[in-house]
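The values are calculated or read from the model by the stated rules, or taken from the named source; none is laboratory data. Here the structure is a predicted model, which is why all the values come from computation and not from measurement. Note that we place each Cβ from the backbone using ideal geometry, even for glycine, and neighbour counts take in every protein chain shown. Remember, those area values only see protein heavy atoms, side chains included, never the ligands or the DNA or RNA. Shrake-Rupley method; radii C 1.70, N 1.55, O 1.52, S 1.80 Å.
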Amino acid sequence: MRIPLPRPRSLAGQLFAMQAVLIAVVVAGYALFSYVSDRSQAEDSARRQAMAVARSVADAPSVREAIRTDDPSGNLQPYALRVMRDADVDFVTIMNPQGIRWTHPSEDEIGKLFRGNIAPAVAGGSFTETYTGTLGPSVRAVTPIWSSGEVVGLVSAGIKVDEISKRVQGQLTALLAVAAGALALGAVGTYVVNARLRRHTHGMNAAELSAMHDYHQAALHAVREGLLMLDGQYRVALINDGGRELLGVSDDVVGRSVADLGLPAPLTGALLASEPRVDEVHLTADRVLVVNTSPVSGGEHRGTVVTLRDVTELQSLMGELDSERGFTQALRSQAHEAANRLHTVVSLIELGRAEEAVDFATAELELAQALTDQVVAAVSEPVLAALLLGKTAQANERGVELVVSEESRLDDGLLPPSLPSRDLVTILGNLIDNAVDAAQGSVRGRVTVTAYTADGELVLRVSDTGAGVDPAHADAVFQRGFSTKPAGPGGRGLGLALVRQAVNRHEGALTVAAADGGGAEFEVRLPLGGGGGAERASERAVSGSGVSGGSAVSGGDA
């Protein structure tokens, strides 16, 4: 049977024990120091008191007169006893220069030789010493009695060491009482502090706290989502690796205010907001982030916990899904129209008008092929050509004519690898969607797309016949959330913001101006870089433009 080992003491318990021992050691050390110091002071005080009494007796005239009588002891003994009582000393011994006592607290010792050193006093000096005599160890003073310039006697006054110890013990008792009170007060204070510490540490010991810290650090580095913790002054208190990567900040952001991180204004405003934010979409220089904030409060604002999710790829996929959904709807509509035309051909054949049926079918086929040829002739880049064909069908379903301008010329292989097709689809697709939305409400909805390369740049231009853009909103129109239309189920104001994000990522330029025929014209210029695509573009520019005439694409079936 295993005997369970005792659980290590909690951190609060360890601190309490350490502080209690520390207070006890300090108090005991101070008590010992005070005891030694007080004893030394008591001995010094006893020496001074004994010397003062001895000199007072030696200077008394009655003492000198009693020494010259026939019975010095009979005259001096009562006086010495009275001085002992009044001066609070243990003995006053008056003796002749040879050390024979005239007085003593014990009369049996009178007439006997004084025990102790008297030579300095016989020579005319005064001194003190600690000596063990007939009364035990004592602190004594010895001084001469002068008369007519000679030493006629000696006086010794002393206080027993036991009496000195009793005085010190009284002080020590008071000191120990004060020390015990200090220890008790310190212990109570330590207990209160450690009780509070136990609540904060949940009773965990140091090893458990250390392990929790290690897990905490490992979890912060392992989580790919961004985690940001702000204090009550909206300064960064903690940020994990994912947060640094998603926000594009350096490692020294801890302690800095959110307003000083150089983030986009809408994102900074969301982080500085006192109310919680739930699944808000915000854009940085090259990412689409979903931001959630949760204030930490305990009666007052203590900070904010922020989580960041990167949905750049998801947003791109959603855009592609929207395009696919549009293509599906267009194909469904075209299938319906194709079924109507097929029924027409069948009916003509059943009526015996086979020749007219062939002419009708051939005309429809030539129209569809002509539309496809016109787009491919102007823009033979496969991804952009497919996008334009799909958007043409979508625009047609919404009653808008999509036209590829005659100046468009974008051959296959011109674009360098630095311009991925996904970004081009994001840019051109969102611009066309925005233009179709604007042109749909006009009398004759029309969207014109221009795409060509010139001077080492890819130029994409989309114009519409809508209401145009107010010059006061020329910059705000590219901000996330800005829209002049009512918000739909998924919200508005993200498409043009994604366009600007993609353009900025490739160090391009994005402008909006009034179109020639009314409406708005958005223009994107992207540098082609020094790759082979730019070289081939220069070669084609030198050899000839080769603009394909009649490249207008109507919103018919493709």
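Largest to smallest in accessible area, the residues His216, His221 fall in the order His221, His216 (1.4 Å probe, all protein chains included).
For a test of the definition: using alpha carbon positions, the gyration tensor, and the 1.5 limit on a/c, classify the range 221-298 as rounded, prolate or oblate. Rounded, since a/c falls under 1.5. Once you sort the root eigenvalues of the Cα gyration tensor of the range 188-255 as a ≥ b ≥ c, which label holds: rounded (a/c under 1.5), prolate (a/b larger than b/c) or oblate (the other case)? It comes out oblate by the Cα gyration axes.
Starting from the Cα-Cα distance between Ile100 and Asn504, subtract it from 0.36 nm times their residue separation and give me the gain in nm to one decimal. Don't skip to the end; give the middle numbers.
Values: separation 404, 0.36 × 404 = 145.44 nm, distance 11.75 nm.
Length difference between fully extended and current span is 133.7 nm.
Atom-type composition of the exposed protein surface of the range 410-462 places 46 percent of the accessible area on carbon and sulfur (1.4 angstrom probe). In nm, to one decimal, how far is the Phe33 label point from the Ser56 one, both placed 7 Å along Cα→Cβ? Taking the simple label geometry, Phe33 and Ser56 are separated by 3.6 nm. Considering only Val459, Leu415, Gly441, whose Cα is most displaced toward the positive end of the charge dipole of the range 394-467, charges sitting on Cβ of Lys, Arg (+1) and Asp, Glu (-1)? About the Cα centre, the residue reaching furthest to the positive side is Gly441.
Projecting the Cα atoms of Thr130, Val89, Gly189 onto the charge dipole of the range 66-190, computed from C-beta unit charges around the Cα centre, puts Gly189 farthest toward the positive end.
Of Asp423, Asp214, the order by accessible heavy-atom surface (1.4 Å probe, DNA, RNA and ligands excluded), from most exposed downward, is Asp214, Asp423.
Shown for the range 61-198: the carbon plus sulfur share of the solvent-accessible area, taken with all protein chains present and a 1.4 angstrom probe, equals 55%. Among the protein heavy atoms, those of Val512 account for about 30 Å² of accessible surface (1.4 Å probe, every chain in place). The overall shape of the range 74-212, judged from the alpha-carbon gyration tensor, is prolate: a/c is not under 1.5, and a/b is greater than b/c.
Let's see if you can work this out: charge +1 on each Lys and Arg Cβ, -1 on each Asp and Glu Cβ, no other charges. What is the dipole magnitude of the range 173-234 about its Cα centre, in debye to the nearest 20? Before the final figure, lay out each step's value.
Working: 4 positive and 4 negative charges, 45 e Å.
Taking the Cα centre of the range 173-234 as origin, the dipole is about 220 debye.
Taking all protein chains together and a 1.4 Å probe, the residues His200, His213 rank His200, His213 from largest to smallest accessible area.
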